[in-house]
1. Take the conditions out of contact with any Phe, Trp or Tyr (no Cβ under 9 Å at 6 or more places or on another chain), hydroxyl-bearing (Ser, Thr, Tyr) and not in a helix (DSSP H, G or I) and apply them to Thr22. Does it pass?
2. Is it true that some residue in the range 30-48 is open to solvent by 100 Å² or more (accessible area, probe 1.4 Å) and in contact (Cβ under 8 Å) with a residue 60 or more places away in the chain?
3. Name, by its number, the condition in (1) farther than 21 Å from Asp3 by Cα; (2) touching a helix residue (DSSP H, G or I) at 6+ places or on another chain (Cβ under 8 Å) that does not hold for Glu56.
4. Starting from the range 67-80, keep only residues that are modelled with pLDDT of 90 or more, then list their pairs with residues that are surrounded by 10 or more Cβ atoms within 10 Å (Cβ to Cβ) whose Cβ atoms are within a distance under 6 Å, requiring at least 6 positions of separation or different chains.
Amino acid sequence: MKDLKFEQKRSLSRLEAADQLTALAAALREGGDAELELGAGTLSLRIPDDLRSEMEVEIGEGEIELELEFKWPTAGRKSVPAKRGRSGTSTNRSKSAKSP
């Protein structure tokens with residue numbers, strides 16, 4: 001069971017979407033306690049210095065779907081940073097794999 005889940009679906013203009021992303025970017029840049037205005041309320045989050053991200057793009061059935069996901073542990077939990085390859089992407093290589 002999740003401790004908390006907030007989900008909001010609505011139609012936005014391109015400028016409204018940009019405003020939401022700008023507010024999120026500012027909160028991420030500031031870190032610490034961030035407040036995001038979401039419709040009729042405000043969501044307060046503690047954002048650490050390091051977090052994990054995932055970007056997913058799906059094209060099909062006449063639509064493009066772009067998902068941005070950020071994850072970090074709740075207070076009291078330690079995260080294990082992912083190992084990074086040369087391109088900055090996560091790598092998952094077994095010890096038995098040999099490089100050419």
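1. So Thr22 does not fit the description; no.
2. no
3. (2)
4. Close Cβ pairs (under 6 Å, with a partner that is surrounded by 10 or more Cβ atoms within 10 Å (Cβ to Cβ)) amount to Glu69/Glu54; Phe70/Leu51; Phe70/Ser53; Lys71/Arg52; Trp72/Pro48; Trp72/Leu51; Pro73/Ser79.
The values are calculated or read from the model by the stated rules, or taken from the named source; none is laboratory data. Note that the coordinates shown come from a computational prediction; the quantities given were computed from them, not determined experimentally. No Cβ is skipped: glycine too gets one built from the backbone with ideal geometry, and neighbour counts run over all protein chains shown. Protein only, heavy atoms only, side chains kept; ligands, DNA and RNA dropped before computing areas. Shrake-Rupley method; radii C 1.70, N 1.55, O 1.52, S 1.80 Å.
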